[in-house]
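The values are calculated or read from the model by the stated rules, or taken from the named source; none is laboratory data. Since we're looking at a predicted model, the values are computed, not measured. Counting neighbours? That spans all protein chains shown, and the Cβs are built from the backbone with ideal geometry, glycine included.
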Amino acid sequence: MSPQNNHLQRPPAAVLYADELTKLKQNDNAPCPPGWQLSLPAARAFILGDNAQNISRKVVISPS
């Protein structure tokens with residue numbers, strides 16, 4: 001973490017998971033909602049994980 005950010009407890013998700021977000025964005029062919037950078041399926045894969053794309057799960061819940 002850079003010196004100017006040493007007051008943060010944890011870097012933002014966009015920094016921590018930049019590689020995963022880049023991979024999802026590159027492979028995302030579905031339409032994105034206005035103002036979003038990822039489609040709904042890609043956002044779901046980011047949050048719930050996707051073994052096929054080597055995306056880690058971010059929450060511990062039962063996907064319904």
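Table for the structure above
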read-out	value
All positions within region 5-28 that are in a helix (DSSP H, G or I), of a type in the set (D, E, K, R) and surrounded by 12 or more Cβ atoms within 10 Å (Cβ to Cβ)	20, 23, 25
Output for region 29-40, where each listed residue is touching a residue at least 12 places away in the same chain (Cβ under 8 Å) and either under 18 Å from residue 14 (Cβ atoms) or surrounded by 13 or more Cβ atoms within 10 Å (Cβ to Cβ) (or both)	37, 38
Test result for residue 40, at pLDDT 95 or above and in contact with a helix residue (DSSP H, G or I) (Cβ under 8 Å, 6 or more places away or on another chain)	no
